[in-house]
1. Within region 24-47, what residues put their amide N at less than 18 Å from the label point 7 Å along the Cα-to-Cβ vector of GLU110?
2. With just the Cα atoms defining each centre, how far is region 66-128 from region 20-42? Give it in Å.
3. Taking a probe of 1.4 Å, how large is the accessible area per residue of the chain, in Å²?
4. Select from SER28, SER107, SER97 the residue whose mean-square fluctuation is largest in a Gaussian network model of the chain (Cα-Cα springs shorter than 10 Å).
5. So what does log10 I(q)/I(0) come out to for the chain at q = 0.12, 0.19, 0.20 Å⁻¹, using the Debye formula with one equal point on every Cα and no solvent?
6. Compute the length gained on full extension between SER77 and ARG124: take 0.36 nm times their separation in residues and subtract their Cα-Cα distance, giving the result in nm to one decimal.
7. Can you give the FRET efficiency for ARG84 and SER39, using 1/(1 + (r/R0)^6), R0 = 22 Å, r = Cβ-Cβ distance, to the nearest 0.05?
8. Keeping all protein chains in position, work out how much accessible area GLU101 exposes to a 1.4 Å probe, and write it in Å² to the nearest 10.
Amino acid sequence: AEAATAAGEAALDNLELAFTTDPAREASLLTEFSRRRTSEVVELVLIGRYEQLPAAATRLEAHIQQAQANMDTLAFSDPAQAARLETALEDTLANESFILEVLLQTSPAEAAPGLQQVLEIATRPLDN
């Protein structure tokens, strides 16, 4: 049921994105979706669904990459807005990475590989 809920939430996120044509709004939504994906990871660990962590990591990575692409597009027309959005994404990922680090230290060993994958994605420097 939890996997279906996560998949349903991701589908709703994609639907919302499909109706968003403003790159700044899209980048902002994708930053929020990145936060949601890390919350999803926390939930998966807490309920012991470690096998679902790689899929959550893939969704997180896709949201980050999409946000960066939108910021790159926006940088041509509004560099200041693109910089603000990039800072917001970096701040979100830094906050979420802290939570994930704590979770990694307190979770069973079975969760470690998936959590490390998510952390690697969340702490990877953004392309500039």
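1. Once the point is set 7 Å along Cα→Cβ of GLU110, 41-47 turn out to lie under 18 Å by backbone N, inside region 24-47.
2. Measuring centre to centre over Cα atoms gives 11 Å.
3. The answer is 53 Å² per residue.
4. Looking only at SER28, SER107, SER97, the largest GNM fluctuation is found for SER107.
5. Debye curve over Cα of the chain, log10 I(q)/I(0) at q = 0.12, 0.19, 0.20 Å⁻¹: -0.44, -0.99, -1.07.
6. 14.3 nm
7. Numbers: r = 23 Å, r/R0 = 1.05.
Between ARG84 and SER39 the formula returns 0.45.
8. Ignoring ligands and nucleic acids, GLU101 comes out at about 80 Å².
The values are calculated or read from the model by the stated rules, or taken from the named source; none is laboratory data. None of the values given here were measured: they were computed from a predicted structure. As a convention, Cβ positions derive from the backbone with ideal geometry for all residues, glycine included, and neighbour counts pool all protein chains shown. The area values use the complete protein model at the heavy-atom level, side chains included, leaving out ligands, DNA and RNA. Shrake-Rupley method; radii C 1.70, N 1.55, O 1.52, S 1.80 Å.
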